[in-house]
Amino acid sequence: MKNLLNLLPLIAFVILIAVLYSFLTQDNDQLESVLVDQSVPEFRLPSLENPEIAISKSNINKLPAVINVWATWCIACKVEHPFLMKLKEESIVTVYGLNYKDNRTKALDLLKKDGNPFELSIFDEYGKLAIDLGVYGAPETFFIDKKGIIRERHVGVLTTKVWKEKFERFLNGDNDV
Amino acid sequence: MIPEIGHILLVIALVLSFVGGLGAFALKRELPVLKISFILNLLLIGSFFALIYSFLIDDFSVAYVAQNSNTNLPIYYKFAATWGAHEGSLILWILSMNIWLLTFIFFDNSKNTNFSNYVFGVCCLVIFSFLLFTIFTSNPFERILPIPPINGADLNPSLQDFAFTVHPPLLYFGYSGLLIPFAISISAMLSGQPNKDWASSSRPWTLLACSFLTIGIGLGSWWAYYELGWGGWWFWDPVENAAFVPWLLAVALVHSLLVTENRNIFINWSLLLSIFAFAASLLGTFLVRSGILTSVHAFALDPERGLFILGIFSFFVLGGLVIFAFKNSTKNVASIYSLNSKEFGLLLNNLLLVVLAVSILFGTLYPLIYEAFTDGKQISVGAPYFEFIIFPFAILLGLLQGIALYISWGSTKSFSFIGKLIVEAISISLLTLVLLFILFDELISASFFTIFIFAWILAGSLMINFSLKPFANYLDFVNRRIGVMLSHIGMALLVLGVGVVSSYSSEKELIIKPGEKVEFLNKDIELLAIKDVQGPNFISKTAEIKVSDDKRVFNIQSEKRTYFPSGQVTTEAGIDTGLFRDFYVSMGDNFKEDSWSFRLQSKPFIRWIWLGALLITLGTFISSINLIRKQ
Amino acid sequence: MGIMMFRKLLTIFFVTFIFGLTLAEEPNEVYPFEDSIHEERFQSLLNELRCPKCQGSNLAGSNAPIAIDLKREVYRLVKLGKTEKEVKTYLVDRYGNFIVYDPPFESDTYALWLAPLIIFLITFSVILFRRFSN
């Protein structure tokens, strides 16, 4: 009994160390989105190209699609822009743009200069829709499946690797993850 | 050249500590531990100076200097930048461990060769492992060659402050000081003598480490208060918790050693706490540097280095616990003490401290545990949680602390002190209620408890009601116990500060233009002007604010600073300090033209928190020095 | 005199705020309230909500763009009369439990909230047991 009691602290610390070790090997620098498995929230915002035209949830209808949150002040967004162009040009998936807290003129200039991968561009000047989506920075990309449900969110630059690992499987309407 | 010398000195120290450690365990005869330790200190001081020198001459070919300094940095910050980031702070850690070892050896009067050797050996091994880590993964002397940068990245502006020159060294001395009790306990177990003599040799050093930890943590809190610009003084940030947990365990250790020293019991408690306190120190180092926890304080590091530190942690803590499990020859002395004895009171005290420490650690790590168990969901555990759990512990610990000096050792049938306590409790409660109604307009129930505890601890520490002894006897009593009285009174003041400021602070955000006035807490607040000011490495917009009421008028300044090399913007708060109230102003943003937003706060009794910490530091320091001199 | 001035400022602020929204490039950071209950609720929320992008900072202590946006959102909700709980739920629905420093009390977190009490009871019982069996 005495020996067991003496071993208790040792056992407790072995467990602690194992736990700490597992934390070290955990890799997580992104916030998980809590909107996964929910539909895109309702919204009504002006279009980037034309402030007179309003875009709402019903306009997000060419599914499956991705919604890409970007801005001209976001340097990483420029890095992922070619990949977004590729998604459009190779008709892999529809890309909707959410221009986040940006300057309309600058944004339109950029799209003219570098190409416009977006089916539609939403102008979210104050980040209202972004907050409803749980966005906390740019770039971010949401995958919307055939039924209009958000399946995954990626924070950071969208690359081929990220696409293959996180988004590709939702293209076929897989419900098993 | 100098950086290379610094590096070589570290390598020599590495070899020497290894040889010293090995020799201490392998050889049975007396080693020249004083000389070896002295040389180790010279080597580390030399290396430390080499780094400081590189900073002072702006040697940007040294990568660490380039990352943490700049030609425009004021000279005293260049000096302090030595410990501004991971690599340099490790040198500080290692140096402080060496200083502790040398000091311990110098004052060590035990005639037991085995004992001294083992203490020396354990310390050398710890020093060796830290040096290994530094030299192989975190070398501060690495060079950027062949083309060194023209200028450095600059020291983080938040660190460019007086407190930065004192807070880290004092805190590190506290952390590393727990090495000595750890080494003593290992040594006691290995040389077969974990008993009261061992305890009496360990207690003064534990007290001294406590002293440094207290002032280190206190300075950190004070600094965060005026530096971060929004008036908070403790955030339950993982790194803060990483310093609080060893403090709690060190306090428990001091009390456990007291019992072991006096009654030769609680030996296992004392041994385990010696190991746990140092473990908590190492764990703190791990948490801060491994990158597993997000914190404004954390050093941004990679998991590989975290793994190395975890390895060091595992080796020493598991090693200690293995020795505890298998080589511990403690025979349990049949301990006879009644429920109303000092022993039982201290047992409860230590239990509460340890459970609190474990709970805080658990809460700090919980987000990671939660993420692992829920497959990715995230959660935050912050102030609301920690404040909720510490409250009952603080009340119970406070109650115990108030009766600590009244109860006696051993078994006693006398319960007479309970009657006196009840009278005291009632009179203090009434006094508290009266005080609260006089000082503040409202009674917030949480503050009643905290202020009651303050008075309770104060009365208990001063022993003013216990018996009407002749004053001369009382003076003699105080003189003998000045250390413990100061520490406990300090605790009381800290509780008072925390209680009042938590319940009775007020704040207001407002917008104002120069020349405009606003009212806040019966005072007129007028923004006099916004000036442009040039600093050595920053430009600032300084707001001059006039505060006036019936009793007095004073001016207060707050700034928004932009630092040159980094472009970082900081808020410098303006504080009108007072013993009973701090008036706190922080500048917000430029709204339109010359309108600016400000946050005004009143923080009553906040200074008592740090006053209390200062007294605890002083009390533990005095106790420790007195004990060392007696040895 | 002070109150009059303050009310005047408040009106000016509101008028400019509404128009300023369309003109201002910088989001403003000023949140006056008419009564102290709402003011306190607002301040309390700012202290208990976490900035999603910062290194461990609450909304009160952060000037990150997202923190400013969220502060504005909290202000809007408090102004609408939402309770503290409602505001927190609103944000948790969008950002998850990460955004509140007060972890919820639900099946996943029972261990967290009850651990201190349970650990204390167990160890205390063990100590008493050993003491009285001697």
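Derivation of every value follows stated rules applied to the coordinates shown; laboratory data play no part. Because the structure is predicted, anything quoted here is derived from the model rather than measured. Here the Cβ positions follow ideal geometry from the backbone for every residue, glycine too, while neighbour counts run over all protein chains shown.
Using alpha-carbon pairs under 8 Å, 6+ residues apart, how would you state the relative contact order of chain A in percent?
Working: 269 pairs, mean separation 46.0, N = 177.
Across chain A, relative contact order equals 26 percent.
Suppose R0 equals 22 Å. What FRET efficiency, 1/(1 + (r/R0)^6) with r the Cβ-Cβ distance, do B:Leu132 and A:Ile15 give to the nearest 0.05?
On the way: r = 26 Å, r/R0 = 1.19.
Once the sixth-power term is evaluated, E becomes 0.25.
Treat every Asp and Glu Cβ in the protein assembly as shown as -1 and every Lys and Arg Cβ as +1, leave all other atoms uncharged, and give the resulting dipole magnitude about the Cα centre to the nearest 20 debye. It would help to have the intermediate numbers written out before the result.
Working: 74 positive and 81 negative charges, 627 e Å.
The calculated dipole for the protein assembly as shown is roughly 3020 debye.
Using the Cα centre as the reference, give the magnitude of the dipole from point charges on the C-beta atoms of segment B:1-160 (Lys, Arg: +1; Asp, Glu: -1; all else neutral), rounded to the nearest 20 debye.
Magnitude of the dipole: close to 540 debye.
Compute the Kirkwood hydrodynamic radius of segment B:112-233, taking the inverse of the mean of 1/r over all pairs of distinct Cα atoms, and give it in Å to one decimal.
17.7 Å
Show me, bin by bin at 10 Å from 0, the whole-percent P(r) of segment A:33-170 based on Cα pairs.
With a bin width of 10 Å, the distribution comes to 12, 49, 35, 3.
Taking just the alpha-carbon atoms of segment B:17-162, what radius of gyration and Dmax come out, in angstrom?
Over segment B:17-162's Cα set, Rg and Dmax evaluate to 18.1, 57 Å.
Consider just the alpha-carbon atoms of segment B:333-434 and return their Rg together with their Dmax, both in angstrom.
19.4, 58
Compute, for chain B, the length of the dipole vector about the Cα centre, with Cβ point charges of +1 (Lys, Arg) and -1 (Asp, Glu) only. Units Debye, rounded to 20. Show your work: numbers first, answer last.
Details: 38 positive and 41 negative charges, 487 e Å.
For this selection, approximately 2340 debye.
Looking at the calculated P(r) for the protein assembly as shown, what percent of the C-alpha pair distances fall above 56 Å? Working shown, then result.
Details: 75583 of 443211 pairs.
The calculated P(r) of the protein assembly as shown puts 17 percent of pairs beyond 56 Å.
Return the calculated 222 nm mean residue ellipticity for chain B, to the nearest 500 deg cm²/dmol, obtained by summing -39500 (n - 2.57) across DSSP H runs with n ≥ 4 and dividing by the residue count. Could you put the intermediate results ahead of the total?
Working: 19 runs with 394 residues, N = 631.
About -21500 deg cm²/dmol.
Starting with the highest mean, order B:418-428, B:492-502, A:152-162 by the number of other Cβ atoms within 10 Å, averaged over the residues of each peptide. It would help to have the intermediate numbers written out before the result.
On the way: B:418-428: 14.5, B:492-502: 23.6, A:152-162: 17.2.
Ranked from most to least packed, the peptides come out as B:492-502, A:152-162, B:418-428.
Check each of the trypsin sites (Lys or Arg not before Pro) in segment B:1-104 and keep only those in coil by DSSP with at most 14 other C-beta atoms within 10 angstrom; list them in order. Don't jump to the answer; show the numbers that get you there.
Working: sites: B:Lys28, B:Arg29, B:Lys35, B:Lys78; in loops: B:Lys28, B:Arg29.
Those that pass, being in a loop and sparsely packed, are B:Lys28, B:Arg29.
Set Lys and Arg Cβ to +1 and Asp and Glu Cβ to -1, take the dipole of the protein assembly as shown about its Cα centre, and tell me which of A:Leu133, C:Val74, B:Tyr370 lies farthest positive.
B:Tyr370
Taking neighbour Cβ counts within 10 Å as the exposure measure, how do B:His167, A:His81 sort from fewest upward? Could you put the intermediate results ahead of the total?
Details: B:His167 24, A:His81 20.
Going from sparsest to densest Cβ surroundings: A:His81, B:His167.
What ranking do B:Phe452, B:Phe107 get, fewest neighbouring Cβ atoms within 10 angstrom at the top?
Ascending number of Cβ neighbours within 10 Å: B:Phe107, B:Phe452.
Given R₀ = 30 Å, what would the calculated FRET efficiency be for B:Ser548 paired with B:Phe440, taking r from the Cβ atoms and rounding to 0.05? Walk me through the intermediate numbers first.
On the way: r = 22 Å, r/R0 = 0.74.
The value I calculate is 0.85.
Kirkwood-based Rg over Rh for chain B (C-alpha set), two decimals? Numbers along the way, then the final one.
On the way: Rg = 26.3 Å, Rh = 26.6 Å.
With Rg and the Kirkwood Rh in hand, the quotient comes to 0.99.
Under the definition of partner shielding as Cβ atoms of other protein chains within 10 Å of a residue Cβ, what is the mean value for peptide A:119-128?
Working: counts 0, 0, 0, 0, 0, 0, 2, 5, 8, 2.
That average works out to 2.
Relative contact order of chain B: what whole-number percent is it, with Cα pairs under 8 angstrom and at least 6 residues apart?
Values: 1094 pairs, mean separation 77.9, N = 631.
In percent, rounded to a whole number, it is 12.
Ranking A:Tyr126, A:Tyr96, B:Tyr504 by Cβ neighbours within 10 Å, fewest first, what do you get? It would help to have the intermediate numbers written out before the result.
On the way: A:Tyr126 15, A:Tyr96 22, B:Tyr504 19.
Placing the least packed residue first, the sequence is A:Tyr126, B:Tyr504, A:Tyr96.
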